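Asker: Right, I'll just put the structure down here and ask away after.
Derivation of every value follows stated rules applied to the coordinates shown; laboratory data play no part. Being a predicted model, the structure only gives us computed values, none of them experimental. Note that we place each Cβ from the backbone using ideal geometry, even for glycine, and neighbour counts take in every protein chain shown.
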Amino acid sequence: MTDRTDGAAGGTADGLAGRVLGVLLAAVLVAFTAQQLLTPVLAPLSRELELTEFQLGLVITVAAVVFTLGSLFWGRVVDVWGSRRVLLTGLTLGVAGLASFAVVCHLALAGGWATPATLTAMLVTRSVLFGAGIGAVPVAALAHVAAATAGERERTRAVSLVGAAQAVSLVLGPGVGGALAVAELLLPVYAAPVLLALITIGVAVLVPARPAADAAAHPRPTGRRAGGVGPLDPRVRPFLTVGFLLFLSLGVMQVVLGFLVQDRLGLGATATAGASAPPCSSPGWCSSRCRPWWCHGWAGRPPGCCGSGRRWPPPGSPRSRWPRSSGRSPPASA
């Protein structure tokens, strides 16, 4: 009877952990999809608001800086508050930022605001409020993954799912945003806070708070952890540098693309948003399609490290017979 009871309790705990992970992945997907809904709209919208290319770039740059600094802040706060509270706080800030941004865009277009007032309002809402909030989402998701998984393989699988959710958002966001903008330029701007509000409610309802007894038995650290990893740590610095350069190039492309399409093709605002959507979605599509190759690598990484539970490359395929320890690229004949 005891064994049967323990088995049932273990199954319930596993089911709850799986549900919570699913909700967190949905939160990552929806949050970054809401962010990417605006990507094909920003360039033509800035033209309608009489903002220059530099001013739009400033809005995006400040948002990126706030996102980075906010992520560092939330990384420390999550040890004290827990992943649920950090996630809900970040999502609430994100909803407030996007809702305020929608109001600003609507009023500025309707009332003909002066450029300095429009720029200031966009910096406060889209850059500061939303940037600070969205920075908490991946931090909370990864903190939960680190605490809820046991073993390197399971943790790698869960972390890869968080990355996959972000990659899928790069496909869905620009595609859906461009389709909505064809009907009405501000429609993606209105839809983004609604999506974020719905997932905030879902997290509040479906992710349970940490039990008081468990919190007392396993207190969270309050000081700086020994052996903690910082952004200048030589063990992670090369990866952070590559990631910085990668997203720098992506950001430059996303800012310039809308203006280039509108100027070279002579399109209106809604047509520009629709035409910009496919190229804005292509990086995310490539990322999601190439993810198994990246996770496997050519330098001897074990099969299945992508987290899918399947061998990669498939057994018997030509790629499965390539030497795994040489670190060289695959032969061209394959």
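Asker: Scanning the range 20-71 for residues that are in contact with a helix residue (DSSP H, G or I) (Cβ under 7 Å, 6 or more places away or on another chain) and assigned to a loop (DSSP other than H, G, I, E, B), which turns out nearest to GLY251 (Cα to Cα)?
Answerer: Only one residue fits best here, namely LEU38.
Asker: Follow-up question, since we're still on this one. Given the options ALA181, ALA192, ALA143, name the one that is more than 17 Å from ALA63 (Cα to Cα) and buried (at least 24 other Cβ atoms within 10 Å of the Cβ). Walk me through how you get there before you give the answer.
Answerer: Numbers: ALA192 fails: more than 17 Å from ALA63 (Cα to Cα); ALA143 fails: buried (at least 24 other Cβ atoms within 10 Å of the Cβ).
That would be ALA181, the only listed residue that is more than 17 Å from ALA63 (Cα to Cα) and buried (at least 24 other Cβ atoms within 10 Å of the Cβ).
Asker: Turning to a different aspect of this structure: Check TRP113 against each of (1) part of a helix (DSSP H, G or I); (2) more than 20 Å from the chain's Cα centre (by Cα) and name the one condition it does not meet.
Answerer: Only one criterion is unmet by TRP113, namely (1).
Asker: Would you pick out the residues in the range 134-146 that are in contact (Cβ under 8 Å) with a residue 60 or more places away in the chain, within 17 Å of LEU88 (Cβ to Cβ) and assigned to a helix (DSSP H, G or I)?
Answerer: Narrowing the range 134-146 to residues in contact (Cβ under 8 Å) with a residue 60 or more places away in the chain: 134-141, 143-145.
This time we only want the ones that are within 17 Å of LEU88 (Cβ to Cβ), so: 134-141, 143-144.
Answer for the range 134-146, where residues must be in contact (Cβ under 8 Å) with a residue 60 or more places away in the chain, within 17 Å of LEU88 (Cβ to Cβ) and assigned to a helix (DSSP H, G or I): ILE134, ALA136, VAL137, PRO138, VAL139, ALA140, ALA141, ALA143, HIS144.
Asker: In the set SER46, SER100, SER83, which member is within 26 Å of LEU172 (Cβ to Cβ), in contact (Cβ under 8 Å) with a residue 60 or more places away in the chain and among the hydroxyl-bearing types (Ser, Thr, Tyr)? Lay out the reasoning, then the answer.
Answerer: Numbers: SER46 fails: in contact (Cβ under 8 Å) with a residue 60 or more places away in the chain; SER100 fails: in contact (Cβ under 8 Å) with a residue 60 or more places away in the chain.
Matching residue, one of SER46, SER100, SER83: SER83.
Asker: Count, please, the residues in the range 152-187 that happen to be of a type outside the set (D, E, K, R), more than 21 Å from LEU250 (Cα to Cα) and within 20 Å of the chain's Cα centre (by Cα).
Answerer: The qualifying residues number 4.
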